[in-house]
1. Is it the case that the range A:74-94 has a residue that's under 28 Å from B:M148 (Cα atoms), under 15 Å from the mean Cα position of the chain (by Cα) and not charged (D, E, K, R)?
2. For the range B:122-174, give me every one of the strands (runs of 3 or more DSSP E) that falls completely inside it and has 1 or more residues that are under 23 Å from the mean Cα position of the chain (by Cα) and more than 9 Å from chain A (Cβ to nearest Cβ).
3. Give me the pairs: first residue in the range A:3-32 and among the acidic types (D, E), second residue away from DNA strand D (no atom under 12 Å from the Cβ), beta-carbon distance under 7 Å, and six or more apart or on different chains, which are they?
4. Can you tell me which residue within the range A:215-237, out of those that are part of a helix (DSSP H, G or I) and at the interface with chain B (Cβ under 8 Å from one of its Cβ atoms), is modelled with the highest pLDDT?
5. Read through the list (1) at pLDDT 90 or above; (2) assigned to a helix (DSSP H, G or I), then give the number of the only condition that A:G313 fails.
6. How many residues are more than 16 Å from DNA strand D (Cβ to nearest atom), in contact (Cβ under 8 Å) with a residue 12 or more places away in the chain and aliphatic (A, V, I, L, M) if we restrict to the range A:37-91?
7. Hey, does the range B:274-282 have a residue that's of a type outside the set (S, T, Y) and surrounded by fewer than 18 Cβ atoms within 10 Å (Cβ to Cβ)?
8. Helices (runs of 4 or more DSSP H) wholly in the range A:1-100 with at least 2 residues that are loosely packed, with under 15 Cβ neighbours inside 10 Å, on the phi < 0 side of the Ramachandran plot and more than 14 Å from DNA strand C (Cβ to nearest atom) - which ones?
2 protein chains.
Amino acid sequence: MAHDERRLEVLRAIVQDFVSTNDPVGSKALADRHDLGVSPATIRNDMAVLEEQGYITQPHTSAGRVPTDKGYRLFVDRLSAVKPLSVAERRAIERFLDGAVDLHDVLGRTVRLLAQLTRQVAVVQYPTLSRSAVRHLEGVQVAAARLMLVLITDTGRVEQRVVDCPADIDAGAVAELRTLLNSAFSGVKLTDAGGKVPDLLETAPQHLRGLVATVSATLLETLVEPSEDRLVIGGTANLARGSALDFQGTVSPLLEALEEQVVVLRLISEVDAGTVLVRIGEENDHEALTGASLVTVGYGSRDRALGGLGIVGPTRMDYPMNMAAVRAVARYVGQTLAES
Amino acid sequence: MAHDERRLEVLRAIVQDFVSTNDPVGSKALADRHDLGVSPATIRNDMAVLEEQGYITQPHTSAGRVPTDKGYRLFVDRLSAVKPLSVAERRAIERFLDGAVDLHDVLGRTVRLLAQLTRQVAVVQYPTLSRSAVRHLEGVQVAAARLMLVLITDTGRVEQRVVDCPADIDAGAVAELRTLLNSAFSGVKLTDAGGKVPDLLETAPQHLRGLVATVSATLLETLVEPSEDRLVIGGTANLARGSALDFQGTVSPLLEALEEQVVVLRLISEVDAGTVLVRIGEENDHEALTGASLVTVGYGSRDRALGGLGIVGPTRMDYPMNMAAVRAVARYVGQTLAES
DNA sequence: GCTGGCACTCCGACCGTGCGAGTGCCAGCA
DNA sequence: TGCTGGCACTCGCACGGTCGGAGTGCCAGC
């Protein structure tokens, strides 16, 4: 039906206008700003239908219409074309990430970049440990019976743990331990590290058994198991800026949820590299996020996602633009990390 | 003069009441809530004097009085006794920091702890590189002519840099390099590392000269020179919560300044261990901070400060409590770090 | 099935009023 | 000399009523 099609066109127009003006949009304004080819009265009829179907709503009688979460969902799924980034934006991305000196720096720049491009809160996850492999393991003695274990992954993450050893150790033992650990774990994915331990224990010389056992236990417990992943957050000022109206009154529950990290982490890690995932308002389980939308994507090389990144903002956001920005940034980050 | 003394007592009462109620405080309310031994009328006279001296001000005629920055300053310097922490608070501090697995974890917990205790934004600086010494240096080969350099300091910081080498290297060279670097730099303060380089170059075997030169150059350039220090920030939700009124209208410039890091970093690193420093409103140079107060202190062992930590909040804050909290937390952090 | 017209609704801005809190000043008192 | 109670005055703010405008739903006509 050409009927339904126009109705969707009306919905698209409503979303676009509302996103840019933040005012409930009425039939007259719609007819003026878009050439839908019909009169306001007709648009009103369409709007009534859209409202009945749950795509839009009125804040109060005799105000204009506002998209519902369901409306945004339809918009994202069927009504929006991916907005290509401008040349200036592409260049900004390259410039921003260029010259980063280490992983921390790359991710810090990424989060600032994303926040600046989208004017939303940006979130970037450190490369997941569970999907990384060991590049190098290092033991450094910090006390007579205390070792600092340093793990370097192939994604550039560096993690450290202090291990209390069963007995005093000497420099020779440390060197031996290093060799043992690296020959056992080098190149091994962290998820598979557990399987290597029995082997390692067997090959270890008698006098190192206890030490090796303790060290591998710590390694598995604190680094592999809990998959305690990290998050970088930036652009929180964007929350306070315009969005006082978007989030009714207070942004503090949202800020709290962001600092909690755990919540966002769960959401952001459920991503594939390449496919931008959009979660709108009520679609988010967590209460503090029901007024917010998330746009996330995985980054990494095409064969495996290292981690996720994305933005958090009000449901009233420019989805096409943000999706494009998130995707582009993820692509560049993946590239940058692959090079190092 | 008993005269002046009472006037100060009035100022103290005004600060205390205003901090707890957020309402401009009038002469009647003061007489009721504190036994100053005089009538409201007398208090009014004192207030007039205090206002003339610039310690308090009225938002508008016929409202109560509000402390000025100068008033808070006097209060902090002369009118406030350090409020000892409750047993529960002390215990909370211990529990919170106990069980941290590495430096990152310690600082993360610290910032959450501080934010929770003070209900303000908390800021913790990573141990300054320039005041740290090398505990261990490690080179890991990541490509034919590419080395990842990992620096572990005696404060538990781990820093990494990727170095492009002049020529391809092999595993043997890496091992030699490690030995060389560690014997040269181990235990050396980063600020003194530059002086060791000529020596190092001389003792290095011919075939490693180029490599060693490149590596030490990178080491000095990117790790020692810019002293690029890091900051952990937490509790920003506290800004949004009550303080909407404290910061006229918007908190976003403050959030921006916090994300900038550089500003806060400068302020927070000008501290001695042990002495709590308070900066009030206009005393801060940076524009975004003129409506805010900072309470900072250095942490570390008594002989040297590793870094700074503190809180940022509205000028209308409970200074005695916050000063006590900041000091106590710093003490525990210093202790915790000394142990690892 | 679209359109113009029309009556209706309701929010929000505007305005005027009154109240209450708080002040400054003054005369009287210890 | 310094404190006190009294008093007139000021001013912000909460309250309530009014008005206009924007937007709607419905209906009759094309």
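1. There is no residue in the range A:74-94 that is under 28 Å from B:M148 (Cα atoms), under 15 Å from the mean Cα position of the chain (by Cα) and not charged (D, E, K, R).
2. Ranges flagged: B:146-153.
3. Cβ pairs passing all conditions: A:E9/A:L36.
4. Taking the range A:215-237 and keeping what is part of a helix (DSSP H, G or I), we get A:215-224, A:237.
Next cut, at the interface with chain B (Cβ under 8 Å from one of its Cβ atoms) only: A:222, A:237.
Numbers: A:T222: 70, A:A237: 90.
Among those residues, the one meeting the criterion is A:A237.
5. (2)
6. 6
7. Checked against the condition, which is being of a type outside the set (S, T, Y) and surrounded by fewer than 18 Cβ atoms within 10 Å (Cβ to Cβ), the range B:274-282 yields at least one hit.
8. Filter on the range A:1-100 gives A:2-21, A:87-97.
The values are calculated or read from the model by the stated rules, or taken from the named source; none is laboratory data. Just so it is clear, the model here is predicted, and its values are computed rather than measured. Cβ coordinates were reconstructed from backbone atoms using ideal geometry, including for glycine residues, and neighbour counts include every protein chain displayed.
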